[in-house]
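Working notes, structure below.
The values are calculated or read from the model by the stated rules, or taken from the named source; none is laboratory data. Bear in mind the structure is a predicted one, so any value in this text is a computation, not a measurement. Cβ placement follows ideal geometry from the backbone for every residue including glycine, while neighbour counts extend to all protein chains displayed. Side chains included, ligands, DNA and RNA excluded: accessible areas come from the protein's heavy atoms. Shrake-Rupley method; radii C 1.70, N 1.55, O 1.52, S 1.80 Å.
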Amino acid sequence: MSGDERVDRLVRDADPGGLGGVGDLAGVKRTLLEEIVSESGVEGGAGIARRRLRVRRFAGVVTAAAVLMSVVPASMVLRGQAEGGGVSPIVTPAEGVVFSPLVLAAAERNPRLLIDRPGWKVTDLSGFTEELGMIRFRRGERELEMNWFSAWVYTYRYSDRLADGPPKSVRVAGWPGDLFQNLNGDFTVLLRPHDDVVVEMSTSGNWSREDLDRVLADIVRVDARTWLAALPAEMVMPVGERAAKVLADVPLPPGFDVAALEDIGVSDSYQFGVGVTSRVGCGWIAEWQRARASGDEAGVRRAADALRSSHGWRVLRDMDKAGDWPEVFWEYADEISAGTLRPSYVPGLGCQ
């Protein structure tokens, strides 16, 4: 079995696209995380985490604790950023910007590390409220990805990285860690547990040790408000505005509440798309089940047609270029079009 096939098996067998009931979260997430971080030689833990973050609906089931209740226009939030959307020089929230206490609390649990050098941009953000999350920075052809995990993962990751050879000690924003370099020349910095979190940084692109040392020296840990203010405009755009773009050609199920999308939280466009389309898909499935149970044939056809149309939704077609979520969604949509539905749709689509 190839490395990609093993990763895909983990994704699909464990929970492709979401988590089941809230009561199951701890056990399911820990099992998944153990599988992810204990896999060696596939792409490394960070690579596997990156693929899983592209599929799983981190921002749906458990982000009720990360509702962005009030955000002023993004242009105000990002006033003072470097040209091109970079996060440097470090910005502070503009006067009048209000983040909800829940969003601030979620940001407090994250490492909140930024590269304080002009030209670096945040391109991806996943797992805003999760124990497994990722933020990726890019400048030119170079990328630095930071994955954060619960502190108990540290032993797994350190053991895995020793395959690259003995580490060298480094410090990042006052945080002690170890530097590894693999045979391909890519660097990994594994920071030691701090505040119940461990961070693993991975490079891609053409990096020298001198390049890495300069960037590591420019990484700072900031407060929650500063970290949120430094994110790209799209990630902190008011949810209603973001949702309108995603839902432009998407038929909505009866009773769909756009305002409830607030609890998707702060995320990149892919994860936001996952969160929104998950809600839509689950709503249409619930309507299909209701119509079947009541003998409402017109309702059954309406729900099946809506889900069948998902193959043409712009948001899913765009997302299909970057990850596996649309394929998961379409599998269940096609089942309903054929008049069947596996029970696995609940964890598969993150339905509750």
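Some notes on this structure:
- Single match in Ser267, Ser294, Ser278 (criterion: touching a residue at least 60 places away in the same chain (Cβ under 8 Å) and either more than 30 Å from Leu125 (Cβ to Cβ) or touching a strand residue (DSSP E or B) at 6+ places or on another chain (Cβ under 7 Å) (or both)): Ser267
- Selection from the range 250-264 of residues that are assigned to a helix (DSSP H, G or I), at pLDDT 85 or above and open to solvent by less than 20 Å² (accessible area, probe 1.4 Å): Leu261
- The residues of the range 325-352 that are acidic (Asp, Glu) and open to solvent by 50 Å² or more (accessible area, probe 1.4 Å), listed by number, are Glu327, Glu331, Asp334.
- Entry remark, the range 141-169: residues being among the hydrophobic types (A, V, I, L, M, F, W, C), under 20 Å from Leu183 (Cβ atoms) and open to solvent by less than 30 Å² (accessible area, probe 1.4 Å) number 1 in total.
- The range 270-297 - residue that is open to solvent by 50 Å² or more (accessible area, probe 1.4 Å) and of a type in the set (A, V, I, L, M, F, W, C) and, of those, nearest to Tyr332 (Cα to Cα): Ala286
- When restricted to residues that are aliphatic (A, V, I, L, M) and under 26 Å from Glu210 (Cα atoms), the range 147-169 contains 2.
- The range 203-249 - residue that is hydroxyl-bearing (Ser, Thr, Tyr) and open to solvent by less than 20 Å² (accessible area, probe 1.4 Å) and, of those, farthest from Val170 (Cα to Cα): Thr226
- Cross-chain or 6+ apart pairs with Cβ under 6 Å, the range 182-200 first and within 14 Å of Arg157 (Cβ to Cβ) and in a loop (DSSP other than H, G, I, E, B), then open to solvent by 10 Å² or more (accessible area, probe 1.4 Å) and among the acidic types (Asp, Glu): Asn182/Asp164
- Flag for Ser267 being within 30 Å of Gly174 (Cα to Cα) and either open to solvent by 10 Å² or more (accessible area, probe 1.4 Å) or not in a helix (DSSP H, G or I) (or both): yes
- Complete set of residues in the range 170-189 that are surrounded by fewer than 17 Cβ atoms within 10 Å (Cβ to Cβ) and under 18 Å from Pro111 (Cβ atoms): Arg171, Gly174, Pro176
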